[in-house]
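Visitor: Mind looking over this structure? Questions follow.
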Amino acid sequence: MTRDPSEDSLNQVIRHHSEWLANQLHVQRENLFPPDASKQMRTFTSGEAAALLGINDSYLRKLHLEGKGPNPEVTQGNRRHYSAHDVQALRELLEKTARKPGDYLPGRRDGDHMQIIGVMNFKGGSGKTTTSAHLAQYLALQGYRVLAIDLDPQASLTALHGVQPEVDLPEGGTLYDAIRYEDPVPIKSIIRPTYIPNLDLIPGNLELMEFEHETPRALAQGNAGLFFFRVKDALSAVEDDYDVVVVDCPPQLGFLTMSALSAATGVLVTIHPEMLDVMSMSQFLRMTADLMDVIADSGADMSHDWMRYVLTRYEPSDAPQNRIVAFLRTMYGDSVLNAPMLKSTAISDAGLTKQTLYEVERSSFTRATYDRARESLDALNGEVADLIQKTWGRT
C-alpha cells in the first residue's frame, strides 16, 4: 500500500524529495559518466584550435607538416583534431618566437597581482553560474592559469565540472575547510585539477552554509577577528600558482559573499534584463553598499580594480528587454559590458548534460544556433580578459 505523503510533516516530505532527487541525479550521472570513467574535454578541429590560438589554420597545418608541436589526432578525410592539452603545448611553442611577450601565454608577469573575480547577484536565474563557468573555461583555454571556486552551497558550478556534491564530497573538500574557525586546512589540500588544462577547482556543497552559521557565533564570542578577510587570507597561499581566480558567489548577501567581496579585485554583477530583475538588483546594490561600508569601517580596503554589469539571457528581438538594456546603458555607461550573453537553446541544452558551450560538440546543434551563442560568449569573456590585461598595464 502506498503511503500518503500528506501524513508526513513538511520537513519529512522535503527530506524524502531531496533524497529521491539526489538518487536520480546520481543514476543520471552514472549513465553519462560510468564509475570507471571521468569527464573529458572534447577535441578541437584544426580550425577551432587555430582560432583559440589566434593564428591561421594554414600556419597550424604548416607546423604539423614540419613536425613542430604536438601530433594531433588525424581522422578520416585527413582532418586534424587537437586536444586541449595540445592547444596548450602549441601556446608554449608559439610563445618562444612571439613578437612580444604574452601573445600566446597572456598570464601574469613580474609585478602583476592575481586577479580575483567575484561573480554575484542574489536573484536566482540571473545566469551567475553560467557566467562563472564559461568565463573560467574561456580564460583557461586562452592560456591563463585559472582557479574556479564554487562558493554557492547549491554547487551548480561544481556539478558542471563533473563533481556531484552529495556523492563525491562526503567528508568536506570545499572552501569552508580552509576558512572555518577551528582547525582550518591549507587551501592547497582542497584544490582539485579538472579535465581542462590550466583550470583547477575548489568545489562547493551544503557544508559552506556552516560558515554562515558559525560566523555570528564567533562574533558573539569575540573569536571571529576580521572574518571577512578569511577568503583573502586563504587565497594568499596560492597567489603564485594562478593568474585569475573566478568565484561563483552564493545568491545572497551573507558572510560568504562579504568575504568574497573583500577578497575580490574585480566584480561582475549579472543582470537578466527584465523589470523585476532590475528592481531586485536595485535592492541588491543598496544592501551591498551598506555591507561594504560596514567592512570598510572595520579597516578593510574595499577598493577594486573594476566592476562591471553583465547582461545575461538577452533576447535581441524582445522589445521590453531592449528598452531595459538602453535604460541600463544610459545610467551606467561603460560599466555595462558591451557584449551580452544571449539566451540560447545551445547553452541551456548543454547544461542538461552538465556541459558548457566550450565542451559540447558543434555538431550537437544547428551551426547557426551554436555559432551565435559561441560568438556572444567569446565576445563577453574577451571583454573581461581585456579588463584583466588593462589592470596589468597592458592594452
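Visitor: Report relative contact order for the chain in percent, whole number only (criteria: Cα-Cα under 8 Å, sequence separation at least 6). Display every interim value, and only then the final one.
Guide: On the way: 595 pairs, mean separation 67.4, N = 395.
Relative contact order for the chain comes out at 17 percent.
Visitor: Would you kindly derive the ³J(HN,Hα) couplings of the range 66-83 from the backbone phi angles with the Karplus curve 6.51 cos²θ - 1.76 cosθ + 1.60 (θ = phi - 60°), listing them in order in whole Hz, with x for Gly and Pro?
Guide: 7, x, 9, x, x, 8, x, 6, 9, 9, 4, x, 6, 8, 9, 10, 10, 6
Visitor: What does the charge count around ARG323 come to, taking other residues whose C-beta lies under 15 Å from its C-beta (Lys +1, Arg +1, Asp -1, Glu -1)?
Guide: -3
Visitor: What list of whole percents do you get for P(r) of the range 314-395, with Cα-Cα distances grouped in 10 Å bins up to the one holding the largest distance?
Guide: 16, 38, 32, 14, 0
Visitor: Before I look further, what does the range 254-362 give for accessible area per residue, probe 1.4 Å, in whole square angstrom?
Guide: Heavy-atom SASA per residue in the range 254-362 reads 44 Å².
Visitor: Another question about this same structure. If you take the square roots of the eigenvalues of the alpha-carbon gyration tensor of the range 218-313 and sort them as a ≥ b ≥ c, do you get rounded (a/c under 1.5), prolate (a/b over b/c) or oblate? Mind dumping the intermediate values first?
Guide: Details: a/c = 2.19, a/b = 1.35, b/c = 1.63.
Because a/c hits 1.5 or more and a/b fails to exceed b/c, the range 218-313 counts as oblate.
Visitor: Ignoring any ligand, DNA or RNA, what whole percent of the accessible area of the chain comes from carbon and sulfur when the probe is 1.4 angstrom?
Guide: 51 percent
Visitor: Please sort 45-54, 265-274 by packing, taking for each peptide the average over its residues of neighbouring beta carbons within 10 angstrom, highest first.
Guide: Descending mean neighbour count gives 265-274, 45-54.
Visitor: Let me ask something additional. Could you give me the ³J(HN,Hα) list for the range 322-337, computed from phi with Karplus coefficients 6.51, -1.76, 1.60 and θ = phi - 60°, whole Hz, x at Gly and Pro?
Guide: Those phi angles translate into 4, 5, 5, 4, 4, 4, 5, 5, 5, 6, 9, x, 5, 6, 9, 4 Hz.
Visitor: When you count, for each residue, the other Cβ atoms within 10 Å and take the mean per peptide, how do 366-374, 66-74 rank with the highest first?
Guide: The packing order, highest mean first, is 366-374, 66-74.
Visitor: Run the numbers on the range 73-199 and let me know its relative contact order in percent, using alpha-carbon pairs under 8 Å that are six or more apart.
Guide: This gives 23 percent for the range 73-199.
Visitor: What are the ³J(HN,Hα) couplings of the range 246-260, residue after residue, when phi is run through the Karplus curve with 6.51, -1.76, 1.60 and θ = phi - 60°? Round to Hz, x for glycine and proline.
Guide: Couplings: 10, 10, 8, 7, x, x, 7, 9, x, 5, 5, 5, 4, 5, 5 Hz.
Visitor: Hey, what angle do you get for helix 128-141 against the long axis of the chain, alpha-carbon based, 0 to 90 degrees rounded to 10?
Guide: Helix 128-141 and the main axis of the chain meet at about 30 degrees.
Visitor: Please report the net charge: other residues with Cβ closer than 11 Å to the Cβ of ILE347, K and R +1, D and E -1.
Guide: That sum, taken over residues with Cβ under 11 Å, equals +3.
Visitor: From the helices alone, meaning DSSP H stretches of at least four residues, give me the mean residue ellipticity at 222 nm for the chain, per-run term -39500 (n - 2.57), in deg cm²/dmol to the nearest 500.
Guide: Numbers: 15 runs with 177 residues, N = 395.
Computed ellipticity for the chain at 222 nm equals -14000 deg cm²/dmol.
Visitor: Starting from the Cα gyration tensor of the range 29-169, take the square roots of the eigenvalues, sort them a ≥ b ≥ c, and report rounded, prolate or oblate (rounded when a/c is under 1.5, otherwise prolate if a/b is larger than b/c, else oblate). Mind showing how you got there, number by number?
Guide: On the way: a/c = 2.58, a/b = 1.41, b/c = 1.83.
Note, shape of the range 29-169 comes out oblate.
Visitor: When the scattering of the chain is computed by the Debye formula from its Cα atoms alone, each counted once and equally, what is log10 I(q)/I(0) at q = 0.09, 0.12, 0.13 Å⁻¹?
Guide: Values returned for q = 0.09, 0.12, 0.13 Å⁻¹ are -0.58, -1.03, -1.20.
The values are calculated or read from the model by the stated rules, or taken from the named source; none is laboratory data. What you are looking at is a predicted structure, and each value in this text was computed from that prediction instead of being measured. With ideal geometry, Cβ positions are generated from the backbone for all residues, glycine too; neighbour counts draw on all protein chains shown. Note: areas computed on protein heavy atoms with side chains; ligands, DNA, RNA excluded. Shrake-Rupley method; radii C 1.70, N 1.55, O 1.52, S 1.80 Å.
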